[in-house]
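Working notes, structure below.
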Amino acid sequence: MMRSHAVLLLALAVVIYGNTLWFGYALDDPVVITDNQFTVRGLSGLKDIFTHDSMVGLFGNDERAVAGGRYRPLALATHAVEYQLFGASPAVSHLVNVLCYGATIVALYLLLKRLFPTAEATAWYRSVPFLATAFFAVHPLHTEVVANIKGRDEILSFLFGLGALLSWLNYLDSQSRSAIIGASACFILALLSKESAIGLLAVAPAIGWYFTRKRPPTILRAWLPLFTAAGVYVVLRSIALSSARIVAVQTVMNDPFLHAGGGQRLATVLLTWLLYLKLLIFPHPLTHDYYPYHIQLVDFSNPAVILSLAVHAALVVLLIMGIRSRTILSFCLVWYVATFVISSNLFFSIGAFMGERFMYIPSVAFCLLLAWALVRRVSHRTALVAVSALVILAGSAQTFARNFAWKDDSTLALTDVQTSRGSARAQLKAGLAYLDMAEKDADTRRRKEHLATAIDHLRESVRIVATFAGITWLGFAYAQSGRYADALELYEAALRLKPAESDIMNNVEFVAQHATETGNSDVAIKAYGTLIAQKPRAAWYAALGMIYGRDLGDLAKAEETLVQGLSNEPDDASLINRLGIIYAMSGRTTDALERFERSIALDPTNSEPYRNEAMALHQLGRIAEAESLERKAAQLDEAVDRSR
């Protein structure tokens, strides 16, 4: 019978996440699949996956905005195998996630069956193991882990962690060598999937204490091999990361407590702990984005912080009081603390205020406690079944509905910005989604609407936190909307953060060119001036000189600009040609001819100085020479046309 119950739970997990099979990549999926140089090499990339920091496949050894120190090769290895067999196939990756999650549900059920033996008279659907596992399977907080392909590291970590706990229990009972080898191997695999499994190292002896009658020395001796397995992982991790040079650039976006003063850091952490408890009990609204400042920095005068402090102090007291009497409440609290503390922000920053994925393994404690309380406290069987069914149906419905947010990047961004309005990152992602829609929409009216909405989101992102990405993309949106002065102002701010950054320089050049074409000479002059100040280039001096001379009629300023350019690049044919044009416009025909001839000597394949010299010769009445140069220019143009 137990097998059929496990299959039912497996089916429940597969059904509620079945809609993800039609989804694409979203959020960090490209980080571990399509944008990862190790993963896309398939099987040939496995060696590098297991011998490098998990971020090296994406960034190389360059300094980036994401800190290194991640060693999670097993999940990456599964993506590499999939890529080898199926290429870039989101459907396959989602299917593997769902199946692994289903396997986790079965493993959790088997563990809880060991811990809570059910009397034969008790119906399976009213048992603690079945209800706790069902509650876990449908809890909406898990959507970020299962519906996001990248969440496989969490899934595999817990799956192998459960395997380790099951094998360790067998060893505790039988002292079987194969059992402890299996437990140790599973635990190493759990850690190789993600470091969050380390919390299970404390859960194992807790299980021994709360659910067996083994003496503490016996439990400790049985536990030592798991501790050794953790040590093996630490050694492997140290070897793999020994050559890593990925260093995070400290910003509020990868350390939200960077500007926290006084007791704000601890107070804000306590606030997030209360929010985690709220999401366990009432998981709505959900979002993937808890970046600054979806949650505001607070201090100890905040009532929610005081409440959180009181609640968690009470929980600690209940945990301690229940150790001696081995209460289920105490065990659940041990599970929760042991598996949550590593991502709690208490000892080190995890890079965000909080994240729903960090409740994946800790949520077992809540689901177990809820199931145990219902079975123990609801004596009426029909009421118990009704309440349990209601919880399962509600969780299933919300999970199934929440999955759709993970369809693709655009859907996720536009869904979660409604919840995370105070997040600079959420606003940025929403702005990018609208920019993408504007680019793809051929309808002029709708394109303008998309651009306007993108600007609203990007402006809000920059208002919250003025990140380099936010500033840059807002400038891009302004430029696409024809607001070149606004765009240039933002690009100049971006260049102050990253001087001479190539993409920004290209964007400034775009502004300069289009401002010139639309007759906005002031903006064009300022843009070319910005480019020249960052990195002098002959083409920019030439363009600036022509704006002064051709568009504004300021021949003296044009000459000054071109001469300045030639002081940096005295043999640039284009600059010399442009200076010849300015001399011709000034009536200095002889000087113009000298410049045209010099330009031709430096670049005899360019037809423009031939034509310019021909025009000057016509003015001097030297018709035959002029016609000869015109024929030469025509021949050069024909040669260019033939080569295309």
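Filtering L191, L169 for residues that are surrounded by fewer than 24 Cβ atoms within 10 Å (Cβ to Cβ) and either of a type in the set (A, V, I, L, M) or touching a strand residue (DSSP E or B) at 6+ places or on another chain (Cβ under 8 Å) (or both) leaves a single hit, L169.
For the stretch 267-285, a residue qualifies if it is hydrophobic (A, V, I, L, M, F, W, C) and either open to solvent by less than 10 Å² (accessible area, probe 1.4 Å) or assigned to a helix (DSSP H, G or I) (or both), and the qualifying residues are A267, V269, L270, L271, W273, L274, L275, L277, L279, L280, I281. Every test in (1) closer than 24 Å to A164 by Cα; (2) open to solvent by 50 Å² or more (accessible area, probe 1.4 Å); (3) at pLDDT 95 or above is passed by P117 save one, and that test is (3).
If the condition is being buried (at least 18 other Cβ atoms within 10 Å of the Cβ) and either in contact with a Ser or Thr (Cβ under 8 Å, 6 or more places away or on another chain) or within 17 Å of L274 (Cα to Cα) (or both), then the stretch 316-331 contributes L319, G322. All conditions in (1) surrounded by fewer than 20 Cβ atoms within 10 Å (Cβ to Cβ); (2) polar (S, T, N, Q); (3) under 22 Å from W473 (Cβ atoms) hold for T530, with the sole exception of (1).
Conditions tested, residue by residue: (1) of a type outside the set (D, E, K, R); (2) under 21 Å from the mean Cα position of the chain (by Cα); (3) assigned to a helix (DSSP H, G or I); (4) at pLDDT below 95.
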residue: A438; (1), (2), (3), (4): yes, no, yes, no
residue: K448; (1), (2), (3), (4): no, no, yes, no
residue: S461; (1), (2), (3), (4): yes, yes, yes, no
residue: A469; (1), (2), (3), (4): yes, yes, yes, no
residue: L474; (1), (2), (3), (4): yes, yes, yes, no
residue: A477; (1), (2), (3), (4): yes, no, yes, no
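Would you pick out the residues in the stretch 339-371 that are in contact (Cβ under 8 Å) with a residue 24 or more places away in the chain, over 19 Å from L156 (Cβ atoms) and β-branched (V, I, T)? Matches in the stretch 339-371: V341 only.
Residue by residue through the stretch 339-381, note down the ones that are part of a loop (DSSP other than H, G, I, E, B), under 17 Å from A197 (Cβ atoms) and among the hydrophobic types (A, V, I, L, M, F, W, C).
I350, I361
Taking the stretch 433-466 as the range and being of a type in the set (K, R) and closer than 17 Å to G422 by Cα as the test, the residues that pass are R459, R463. Contact annotation: residue pairs with Cβ atoms under 9 Å, 6 or more positions apart or on different chains, pairing a residue in the stretch 68-92 that is over 19 Å from L58 (Cβ atoms) with a partner that is open to solvent by less than 30 Å² (accessible area, probe 1.4 Å) and in a helix (DSSP H, G or I), are L85/G42; F86/S93; S89/E82; V92/E82. When we screen V523, V465, V511 for residues that are buried (at least 23 other Cβ atoms within 10 Å of the Cβ) and either over 22 Å from the mean Cα position of the chain (by Cα) or over 21 Å from G549 (Cβ atoms) (or both), the only hit is V511. The set of residues in the stretch 613-640 being of a type outside the set (K, R) and not in a helix (DSSP H, G or I) consists of L620, G621. Could you check, for the stretch 328-338, whether at least one of its residues is without any contact (Cβ under 8 Å) to a residue 12 or more places away in the chain, of a type in the set (G, A, S) and assigned to a helix (DSSP H, G or I)? No: the stretch 328-338 contains no residue that is without any contact (Cβ under 8 Å) to a residue 12 or more places away in the chain, of a type in the set (G, A, S) and assigned to a helix (DSSP H, G or I).
Just one residue in the set R550, R496 is in a helix (DSSP H, G or I) and over 30 Å from S420 (Cβ atoms); that residue is R550.
Scanning the stretch 11-29 for residues that are open to solvent by 40 Å² or more (accessible area, probe 1.4 Å) and touching a Leu at 6+ places or on another chain (Cβ under 8 Å) turns up V14, L21. In the set L131, L169, only one residue is of a type in the set (A, V, I, L, M, F, W, C), part of a helix (DSSP H, G or I) and under 37 Å from the mean Cα position of the chain (by Cα); that residue is L131. Take the residues in the stretch 548-563 that are farther than 16 Å from G580 by Cβ and touching a residue at least 12 places away in the same chain (Cβ under 8 Å); name whichever of them is least open to solvent (accessible area, probe 1.4 Å). Across the stretch 548-563, the extreme among qualifying residues is D551.
Output the number of the condition that M505 fails; it satisfies all remaining conditions of (1) touching a residue at least 12 places away in the same chain (Cβ under 8 Å); (2) open to solvent by 50 Å² or more (accessible area, probe 1.4 Å); (3) hydrophobic (A, V, I, L, M, F, W, C). M505 satisfies every listed condition except (2). Pairs meeting the criteria (first residue in the stretch 303-314 and open to solvent by 50 Å² or more (accessible area, probe 1.4 Å), second residue modelled with pLDDT of 95 or more and part of a helix (DSSP H, G or I), beta carbons under 6 Å, at least 6 apart or on different chains) are L309/L270.
Rundown of residues vs (1) under 15 Å from D289 (Cα atoms); (2) charged (D, E, K, R); (3) open to solvent by 30 Å² or more (accessible area, probe 1.4 Å), yes/no style:
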{"site": "L390", "(1), (2), (3)": "no, no, yes"}
{"site": "D409", "(1), (2), (3)": "yes, yes, yes"}
{"site": "A413", "(1), (2), (3)": "yes, no, no"}
{"site": "R421", "(1), (2), (3)": "yes, yes, yes"}
{"site": "K429", "(1), (2), (3)": "yes, yes, yes"}
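L162 satisfies every condition listed in (1) among the aliphatic types (A, V, I, L, M); (2) in contact (Cβ under 8 Å) with a residue 40 or more places away in the chain; (3) open to solvent by less than 20 Å² (accessible area, probe 1.4 Å); (4) farther than 29 Å from L277 by Cα except (4). Between Y478, Y491, which is within 30 Å of Y293 (Cβ to Cβ) and in contact with an Asp or Glu (Cβ under 6 Å, 6 or more places away or on another chain)? Going through Y478, Y491 in turn, just one is within 30 Å of Y293 (Cβ to Cβ) and in contact with an Asp or Glu (Cβ under 6 Å, 6 or more places away or on another chain): Y478.
Being open to solvent by less than 20 Å² (accessible area, probe 1.4 Å) and among the hydroxyl-bearing types (S, T, Y) is the filter here, so list the residues in the stretch 334-386 that pass it. Answer for the stretch 334-386, where residues must be open to solvent by less than 20 Å² (accessible area, probe 1.4 Å) and among the hydroxyl-bearing types (S, T, Y): T339, S343, S344, Y360, S363. Filtered by the rule that a residue be within 45 Å of the chain's Cα centre (by Cα) and among the charged types (D, E, K, R), the stretch 529-561 gives K535, R537. Taking the numbered list (1) over 20 Å from T327 (Cα atoms); (2) touching a residue at least 40 places away in the same chain (Cβ under 8 Å); (3) open to solvent by less than 50 Å² (accessible area, probe 1.4 Å) in turn, I198 passes all entries but (3).
Summed over the stretch 579-606, the residues that are open to solvent by less than 60 Å² (accessible area, probe 1.4 Å) and in a helix (DSSP H, G or I) give a count of 13.
Considered as a group, the residues in the stretch 33-56 that are crowded, with 17+ Cβ neighbours inside 10 Å and without any contact (Cβ under 8 Å) to a residue 24 or more places away in the chain include one that is farthest from N148 (Cα to Cα), and that residue is D48. The one condition from (1) touching a Pro at 6+ places or on another chain (Cβ under 7 Å); (2) open to solvent by 10 Å² or more (accessible area, probe 1.4 Å) that T399 does not meet is (2).
The values are calculated or read from the model by the stated rules, or taken from the named source; none is laboratory data. Since the structure is predicted, the reported quantities are computational estimates derived from the model, not experimental observations. All Cβ positions, even for glycine, are placed from backbone atoms using ideal geometry, and neighbour counts span all protein chains on display. Accessible surface areas use protein heavy atoms only, side chains included; no ligands, DNA or RNA. Shrake-Rupley method; radii C 1.70, N 1.55, O 1.52, S 1.80 Å.
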